[in-house]
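*Asks:* Mind having a look at this structure? Questions to follow.
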Amino acid sequence: MSGHFTAPAAALADELPGWVTLLRAPNPGPMTLDGTNTWVLRAVPGEPAVVVDPGPADEGHLAAIAAHRPVGLVLITHGHPDHTDGSTRLHDLLGGVPVRAVDAAHTIAAEPVGAGASPTIPGIELRLVPTPGHTSDSVCVLASYAGEQVVLTGDTILGRGTTVVAHPDGHLGDYLASLELLSTYVGIPALPGHGPALADCGAAAEFYLAHRRARLDQVRAALDAGANTATEVVAVVYADVDRSLWWAAEWSVRAQLEYLGRESGGADLGRESGGADLGLEQT
């Protein structure tokens, strides 16, 4: 549980609901797994769809999304560029369809959408669930249609492995609270921003919580053993992670040190709140 983890955090979903389509961007990498997932939700053929996360500014990927016209709304789970760089071009390809996000910087032709809001699209009930932690602006999208529900989790829960906490944008306490909230979505499939769909969002969130708590125990042990900086903690706690990814692991450690009220690099990080992360699966 506390070691290097790259498998799915819950069982994979056997299949997607018939009203859900996955379009995966061709941007694979250590921070994006197989690529960024763009999700298209449509209740009835011919009715406007909602697109969640346009992905990168890849012309082929954006053309594939636009082929699913009509689209009535584009939603953003968080502002990282692998989810948003294609927003402006997709907005143009779709003839000016509004792009809505919590952060006004990622909103186009619309007002920012507040967490907890219920954007409208024909036939599908949508609710934005505030889940700060991966970023301060992170939301998940609970979508319901014809008795079925899914949770689009952005990078808060991935389809494989876990995520890093990118200090100082986020704070670990927020991330843990978001996982506690998502742990109540028992039996509802999770459609992540990267990796395969998971059968049970609640089970995945519980696994993430256990993983994070185990990591905190490892950080405490490293500090008690004499580690004095975030870099030194990384060398102990993330020794089984490829060194080329230690820079991302250090973000997580700085957030963990802040959460624990310990010093990192000489700075007083004694505030217990929050938790942001990026899409690195190994930590």
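The values are calculated or read from the model by the stated rules, or taken from the named source; none is laboratory data. Predicted, not measured: the structure shown is a model, and the values here were computed from it. Cβ coordinates were reconstructed from backbone atoms using ideal geometry, including for glycine residues, and neighbour counts include every protein chain displayed. When the accessible area is computed, the model is the full protein with side chains, heavy atoms only, and any ligands, DNA or RNA have been set aside. Shrake-Rupley method; radii C 1.70, N 1.55, O 1.52, S 1.80 Å.
*Asks:* Filter the stretch 85-102 for residues that are open to solvent by less than 20 Å² (accessible area, probe 1.4 Å) and in a helix (DSSP H, G or I); which is farthest from Ser178 (Cα to Cα)?
*Replies:* Across the stretch 85-102, the extreme among qualifying residues is Leu90.
*Asks:* What residue, of Ala43, Ala49, Ala110, Ala66, is over 20 Å from Leu182 (Cβ atoms) and in contact with a His (Cβ under 7 Å, 6 or more places away or on another chain)?
*Replies:* Working: Ala43 fails: in contact with a His (Cβ under 7 Å, 6 or more places away or on another chain); Ala110 fails: in contact with a His (Cβ under 7 Å, 6 or more places away or on another chain); Ala66 fails: in contact with a His (Cβ under 7 Å, 6 or more places away or on another chain).
Checking each option against the conditions leaves just Ala49.
*Asks:* With (1) open to solvent by 20 Å² or more (accessible area, probe 1.4 Å); (2) part of a loop (DSSP other than H, G, I, E, B) as the list, and Ala105 as the residue in question, which single condition is left unmet?
*Replies:* Just one mismatch for Ala105, condition (2).
*Asks:* Please specify each residue of the stretch 8-27 satisfying the condition of being farther than 21 Å from Gly86 by Cα, part of a loop (DSSP other than H, G, I, E, B) and open to solvent by 40 Å² or more (accessible area, probe 1.4 Å). Give the steps one after another, and end with the answer.
*Replies:* First pass over the stretch 8-27, keeping only residues farther than 21 Å from Gly86 by Cα: 8-19.
Still in the running and part of a loop (DSSP other than H, G, I, E, B): 8-11, 13-19.
The answer is Pro8, Ala11, Asp14, Glu15, Leu16, Gly18.
*Asks:* In addition: Can you tell me which of Asp155, Asp169, Asp82 is in contact (Cβ under 8 Å) with a residue 40 or more places away in the chain, charged (D, E, K, R), closer than 29 Å to Pro26 by Cβ and crowded, with 24+ Cβ neighbours inside 10 Å?
*Replies:* Asp155
*Asks:* While we're here: Can you find, within the stretch 108-134, the residue that is modelled with the lowest pLDDT among those that are small (Gly, Ala, Ser) and either open to solvent by 60 Å² or more (accessible area, probe 1.4 Å) or over 19 Å from Gly193 (Cα atoms) (or both)?
*Replies:* First, the residues of the stretch 108-134 that are small (Gly, Ala, Ser): 109-110, 114-118, 123, 133.
Filter once more, keeping what is either open to solvent by 60 Å² or more (accessible area, probe 1.4 Å) or over 19 Å from Gly193 (Cα atoms) (or both): 109-110, 114, 116-118, 123.
Details: Ala109: 96, Ala110: 94, Gly114: 81, Gly116: 76, Ala117: 85, Ser118: 90, Gly123: 94.
So the residue we want is Gly116.
*Asks:* Mind listing whichever residues of the stretch 28-57 are in a loop (DSSP other than H, G, I, E, B), under 30 Å from Thr120 (Cα atoms) and not charged (D, E, K, R)?
*Replies:* Those that are in a loop (DSSP other than H, G, I, E, B), under 30 Å from Thr120 (Cα atoms) and not charged (D, E, K, R): Thr32, Gly35, Ala43, Val44, Pro45, Gly46, Pro48, Pro54, Gly55, Pro56, Ala57.
*Asks:* Got at least one residue in the stretch 22-31 being under 17 Å from Cys140 (Cα atoms) and at pLDDT 95 or above?
*Replies:* yes
*Asks:* Look through the stretch 43-79, keep the residues that are of a type outside the set (Val, Ile, Thr) and in contact (Cβ under 8 Å) with a residue 60 or more places away in the chain, and return whichever of them is most open to solvent (accessible area, probe 1.4 Å).
*Replies:* Glu47
*Asks:* For the stretch 200-257, which positions are among the acidic types (Asp, Glu) and either open to solvent by 50 Å² or more (accessible area, probe 1.4 Å) or more than 24 Å from Thr184 (Cβ to Cβ) (or both)?
*Replies:* Glu206, Asp217, Asp224, Glu232, Asp240, Asp242, Glu250
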